[in-house]
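The values are calculated or read from the model by the stated rules, or taken from the named source; none is laboratory data. The shown structure was predicted, so the numbers you read here are calculated from the model rather than taken from an experiment. Don't worry about glycine lacking a Cβ; one is built from the backbone with ideal geometry, like all the others, and counts go over all protein chains shown. Accessible surface is based on the protein model in full, side chains and every heavy atom, while ligands, DNA and RNA are left aside. Shrake-Rupley method; radii C 1.70, N 1.55, O 1.52, S 1.80 Å.
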Amino acid sequence: MAARLDRIDMNILTQLQQNGRITNAQLADAVGLSPSPCLMRVKRLQAEGFITGYSADLDLRKLGDSLTILVEVTLEKHRAENFQRFETRLRKFREVVECHLISGGFDYLVTFVVRDLSHYQSIIEALTDDNTGIAQYFSYVVIKTPIRRQPVPLRQIFERDED
């Protein structure tokens with residue numbers, strides 16, 4: 001069961017998603033608290049794992065050429081140890097930026113960010129040659145990302161209209 005957060009907690013999370021570098025005084029003002037209680041709430045949200053870190057959003061195009069590749073992976077066997085072995089091996093590749101165990105026609109949807117196709121090919125060959133249990137995989141090169149929402153719309157997802 002999900003923990004119950006009040007409106008102020010949700011406002012804090014929303015503000016921090018929009019600007020993780022906001023000062024505590026600015027955050028307190030934005031959510032209608034004094035600085036000390038605001039800081040206590042932020043520390044509690046961190047301690048309880050709601051806030052897992054702070055980072056910068058980067059425009060990779062400005063850094064140079066890169067490719068984003070989505071990969072559907074189906075495992076040979078569907079036992080807990082097979083999933084664990086695959087996930088453990090996948091974690092060793094820093095180029096893996098997301099991995100989802102999903103329902104449907106395949107087991108995982110994995111997102112890689114790589115220099116080029118040969119970089120990706122070396123990774124996928126290492127994965128398939130390393131007894132990770134992959135039965136098959138299909139790769140899709142991302143041409144364009146027309147929608148990428150950050151921050152996550154917390155209010156639309158987690159707050160219910162009270163009629």
Next item on the list: For the stretch 69-76, indicate whether the set of residues that are among the polar types (S, T, N, Q) and touching a residue at least 60 places away in the same chain (Cβ under 8 Å) is non-empty.
Entry: yes
Next item on the list: Considering only the stretch 103-142, state which residues are touching a residue at least 60 places away in the same chain (Cβ under 8 Å) and closer than 14 Å to Leu75 by Cα.
Entry: Ile134, Ala135, Gln136, Tyr137, Phe138
Check: Would you pick out the residues in the stretch 125-144 that are assigned to a helix (DSSP H, G or I) and either within 21 Å of the chain's Cα centre (by Cα) or loosely packed, with under 10 Cβ neighbours inside 10 Å (or both)?
Finding: Asp129
Check: Out of curiosity, is Arg4 without any contact (Cβ under 8 Å) to a residue 24 or more places away in the chain, open to solvent by less than 90 Å² (accessible area, probe 1.4 Å), among the basic types (Lys, Arg) and not in a strand (DSSP E or B)?
Finding: no
Note to self: Residues to consider are Ala56, Ala80; find the one that is out of contact with any Gly (no Cβ under 7 Å at 6 or more places or on another chain), more than 23 Å from Val142 (Cβ to Cβ) and of a type outside the set (Ser, Thr, Tyr).
What the structure shows: Ala80
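So which residues in the stretch 7-59 are part of a helix (DSSP H, G or I), hydroxyl-bearing (Ser, Thr, Tyr) and either surrounded by fewer than 11 Cβ atoms within 10 Å (Cβ to Cβ) or under 16 Å from the mean Cα position of the chain (by Cα) (or both), if there are any at all? Reasoning before the result, please.
Residues of the stretch 7-59 part of a helix (DSSP H, G or I): 7-18, 24-31, 35-47.
Remaining after also requiring hydroxyl-bearing (Ser, Thr, Tyr): 14, 36.
Listed by number, the list holds a single entry, Ser36.
Would you check if Ile147 is under 27 Å from Leu58 (Cα atoms), free of Cβ contacts under 8 Å to residues at least 12 places away in the same chain and either under 15 Å from the mean Cα position of the chain (by Cα) or open to solvent by 90 Å² or more (accessible area, probe 1.4 Å) (or both)?
Yes: the conditions hold for Ile147.
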